[in-house]
Every structure is written in structure tokens, then in C-alpha cells.
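Student: This is the structure I want to talk about, given as C-alpha cells.
The values are calculated or read from the model by the stated rules, or taken from the named source; none is laboratory data. As the structure is a computational prediction, the values presented were derived from the model and not from experiment. For neighbour counting, all protein chains shown are included, and Cβ atoms are generated from backbone atoms with ideal geometry for every residue, glycine included.
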Amino acid sequence: MYKFFKILILLLFKFFCFYLPVSSSEEKIKIGLLVPLTGEDKEIGRQIIKATRIALQDINSDKLEIYPKDTKSNPSKTIKSAIELKEIGAKIVIGPVFYNSLSYLDEIQDMIFVSLTNKTLNLPNNVISGGVNATSQLNTIKTFIELSEINKTILLTPKLDYEAEIKKAIKGSKIKIHKHYIYDTEPTKLTAQIEKITNYKIRKQNLLDEIKRVENSDLIDKEKQLKKLEKRYTIGNVNFDSVIISDFEESLKSVVTSLLYTDVSPKKKSFITFNQWFDESLLKEKTIQPIYYPSINKKNLEEFETKFNKEFNEYPNYLSLLSYDLVGLIYYLSLNTEFTDINKLFKKKNSFKGKIGIFDIKNNKIYHRLNFYQINDGKLKEIF
């Protein structure tokens, strides 16, 4: 009888050791990484890989494994690499980097792709936009407008492919926009449109009429009045207190120049734009200041840049910091959510504090709580 029980205990021990599944806490989380490693965008991919290495070092957990695969910034190559990642057991993927690489990913079941794109329209069902999208930016601008007690805000958007993104973001953020104008980026057409938006011709005529009136008057201080009018460009106000320009770089400067030409000054009306990624050329353009924009946490960015440079003797692109944060986000979710049903991972309402800022997650969407900055007198200042 004793021998029988001894054999039974041995069999039970073998069963529990070899046949019962390992607990989820001990399972490796295989994270795929879809980035361009060949072609003209290979430097972007190379830096993203380095950023994820730093993230793994900082997390310091044996639970995570990252598997990079090349996309060549091409949809066909992207889907092939995604299938390879699925074959090795990766259920969640950081990437692809670019929106045009997402085309065929909905053909793959039971995988989630957290893309670095900030575009949110017409995404495959298994793709989540991880970039700093327009809704996140308008949410931050909305906070500034409310704090500043600004009453009338107009929004200027170029006639380009992200026009629909802006319209979706207005609805999603519930920001109060007095009027939304779509403008042509061709300089002559742009100036004509800005003149119309600001009632420039009427205001210019008001000035000419006033000059004529004073000239024909018997005012004692006529000469003094005329000298004052000579310094004016228009008479009359515009029908807004602030203007949001959803544009970037030289195109942004063209819009602001057109506003200045029509005698609309950032000294009197709040000029707000979208995330400029701390474009230093704006610091030199004092005629367009003050100008405001939402962006990521600059202090954290600088700390990350220093760390990256110390590790690899080069400075990272902005997508590198986002990639770093996404590794941390996935690890955070793995501690709080079972990976058994990957499709539920980003469904539950959750928040994660990253280097960029706070990530808000709900219903397979990611939004960012951003900082807000002012450029004035050649200096950058954090407002909140």
C-alpha cells in the first residue's frame, strides 16, 4: 500500500510540473517592432530600436522580449513581417511607423498594432494610433482658451490630406470654434482668403475714409490726427479673439505673415498653432510672437535626449521617445491586464504616465495629455 501511494504522489508531481500551464505572470511577453530597417527611412527605424533597448534597460524585467522586423516603409513588406511576428508568438506590435504601411494589417487576427502615426481615420480594426493626434492637441488648446477666457476662436486648416482629421478632432475635443476655414496653401490665394476672413478691404477702406474726413474737417488738431492715422493700416476690429492655425514650418509662417499683412497682430489676438516639436526657427521670428502651441513634456524630452546621446553618441528623433513610452505602456498594461484576450487590452479605461506625458486609454484609442507653451521675445515658456 505504501509503495502504491508513493507511485501515485510521484505521478501527481510529474503532472503538475509538466502538464499544467505556466501562470501568466511567468510568461514572456513578446513585443513585435515593425520599423523601416532598409530604404530611405532606415535611420528612423534604427533609432527606434535603440530607444526600445533603453526602455528595456529602464524597466529591467525578464518578462519582456522585443523582436524587430523590417517594413521598408512598404505595405506589402509590412504584412509579411507582421505574419512572421505572429508565427513567433508576438500578439502585440509597436508600429508600423507610417500611416501608408497599415493597409493590409486587418488581415491578421488576434494581434494588436500600436502604430506611431498620429492619424486616426480609417484605421484597420486591429490598429491603434499611438501618435500625438489632433484631438489630443485640441483638448490642450481648449484648456488654454477656457483659462484665458477667450470668447471667439477661429480655426484655419490647409486644404491638405489631414483636413478630415481636424474636423474629426473638433468633434472629439468638443472645442468651441466660432468658424472653421479651409485655406489654399498657394501664396496668392492664401493672402486673398485671409483678407476675406479678416475683412481687410473693409477695414482698409475705413482708414481711407477716416483720413479723408479728417483732411476735410476744421479740427484744431487736424495735423496731429493725420499723423496718427498715417501710422495705422486699418480701422475696425476682426470678428475673433484668437486664431488656431493647424499648419507647420514655412506654411505656418506664410499664414501668420498674411495675418500680419491684414493688420491682425499676435499682440492683440492670440495666435495658436499645433505641436511644433520645439521648432527653434520660431524663436527667431519675433514678428509672429507671442505664439502658443501644445506639445510633449520638454524637460522629459531633454533628459531622454541626453541619455540617448550618452548611450549611442547621437541624438534621437521624436518618434524614439514615443517608442520608448509605448514599451513602458505595454509593460504597465501587462501588470494590470491579462494577455489572454489581446483584443481587450486597450478597451478598458486606463492611464499611464510616460515621458511624453500622460496616456489616456479607452475603447482602443490613445490620447495624450500635453503641455502648453508660449514663444515670446525669442524665448520658450511653459504655460502649463
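Student: Mind checking whether some residue in the range 93-102 is of a type in the set (Ser, Thr, Tyr), on the phi > 0 side of the Ramachandran plot, buried (at least 20 other Cβ atoms within 10 Å of the Cβ) and free of Cβ contacts under 8 Å to residues at least 60 places away in the same chain?
Tutor: No, there is no match, as no residue in the range 93-102 is of a type in the set (Ser, Thr, Tyr), on the phi > 0 side of the Ramachandran plot, buried (at least 20 other Cβ atoms within 10 Å of the Cβ) and free of Cβ contacts under 8 Å to residues at least 60 places away in the same chain.
Student: Among the candidates Phe359, Phe352, single out the residue that is in contact with a His (Cβ under 9 Å, 6 or more places away or on another chain), in a strand (DSSP E or B) and modelled with pLDDT of 95 or more.
Tutor: Just one listed residue meets the conditions, Phe359.
Student: Could you say whether any residue in the range 102-118 is at pLDDT 95 or above, within 23 Å of Ile361 (Cβ to Cβ), in contact with a Leu (Cβ under 6 Å, 6 or more places away or on another chain) and in a loop (DSSP other than H, G, I, E, B)?
Tutor: Checking the range 102-118: at least one residue is at pLDDT 95 or above, within 23 Å of Ile361 (Cβ to Cβ), in contact with a Leu (Cβ under 6 Å, 6 or more places away or on another chain) and in a loop (DSSP other than H, G, I, E, B).
Student: Hey, could you check the range 153-208 for residues that are in contact (Cβ under 8 Å) with a residue 40 or more places away in the chain and of a type in the set (Asp, Glu) and say which is farthest from Gly131 (Cα to Cα)?
Tutor: Glu195
Student: Please work out which residue is nearest to Gly95 (Cα to Cα), limiting yourself to the range 15-40 and to residues that are surrounded by 11 or more Cβ atoms within 10 Å (Cβ to Cβ) and modelled with pLDDT under 95.
Tutor: Ile29
Student: Which condition number does Glu186 fail, the rest of (1) surrounded by fewer than 16 Cβ atoms within 10 Å (Cβ to Cβ); (2) in contact with a strand residue (DSSP E or B) (Cβ under 6 Å, 6 or more places away or on another chain) being met?
Tutor: It is condition (2) that Glu186 fails.
Student: Taking Ile235, is it in contact (Cβ under 8 Å) with a residue 12 or more places away in the chain, buried (at least 19 other Cβ atoms within 10 Å of the Cβ) and of a type in the set (A, V, I, L, M, F, W, C)?
Tutor: no
Student: Please enumerate the residues belonging to the range 318-338 that are surrounded by fewer than 23 Cβ atoms within 10 Å (Cβ to Cβ), touching a Ser or Thr at 6+ places or on another chain (Cβ under 7 Å) and under 19 Å from Gly130 (Cα atoms).
Tutor: Tyr331
Student: Could you tell me whether any residue of the range 367-380 is touching a residue at least 24 places away in the same chain (Cβ under 8 Å), more than 23 Å from Lys119 (Cβ to Cβ) and among the aliphatic types (A, V, I, L, M)?
Tutor: yes
Student: I'd like to know if the range 294-309 contains one or more residues that are in a strand (DSSP E or B) and in contact with a strand residue (DSSP E or B) (Cβ under 8 Å, 6 or more places away or on another chain).
Tutor: Yes, because at least one residue in the range 294-309 is in a strand (DSSP E or B) and in contact with a strand residue (DSSP E or B) (Cβ under 8 Å, 6 or more places away or on another chain).
Student: Now for a separate question. Somewhere in the range 140-161, is a residue assigned by TED's automatic domain parsing to the domain that holds Leu252, in a loop (DSSP other than H, G, I, E, B), under 27 Å from Phe359 (Cβ atoms) and among the aromatic types (Phe, Trp, Tyr)?
Tutor: No, the range 140-161 has no match at all.
Student: With the requirement that a residue be assigned to a helix (DSSP H, G or I) and either of a type in the set (A, V, I, L, M) or closer than 30 Å to Leu160 by Cβ (or both), what does the range 205-235 give you?
Tutor: Leu207, Leu208, Ile211, Val214, Leu226, Leu229
Student: Just to be sure I understand, how many residues within the range 339-366 are more than 20 Å from Thr117 (Cα to Cα) and surrounded by fewer than 14 Cβ atoms within 10 Å (Cβ to Cβ)?
Tutor: 5
Student: Inspect all residues belonging to the range 373-381 and state whether any of them is touching a helix residue (DSSP H, G or I) at 6+ places or on another chain (Cβ under 6 Å), assigned to a loop (DSSP other than H, G, I, E, B) and at pLDDT below 95.
Tutor: No, the range 373-381 contains no residue that is touching a helix residue (DSSP H, G or I) at 6+ places or on another chain (Cβ under 6 Å), assigned to a loop (DSSP other than H, G, I, E, B) and at pLDDT below 95.
Student: Does Asn275 satisfy the condition of being outside the structural domain of Gly357 (by TED's automatic domain parsing), surrounded by fewer than 16 Cβ atoms within 10 Å (Cβ to Cβ) and in a loop (DSSP other than H, G, I, E, B)?
Tutor: No: the conditions fail for Asn275.
Student: For the subset of the range 64-101 comprising residues that are under 21 Å from the mean Cα position of the chain (by Cα) and in a strand (DSSP E or B), which member is farthest from Lys30 (Cα to Cα)?
Tutor: The residue in question is Ile94.
Student: Evaluate the range 190-200: report whether one residue or more is surrounded by 14 or more Cβ atoms within 10 Å (Cβ to Cβ), among the polar types (S, T, N, Q) and in a helix (DSSP H, G or I).
Tutor: yes
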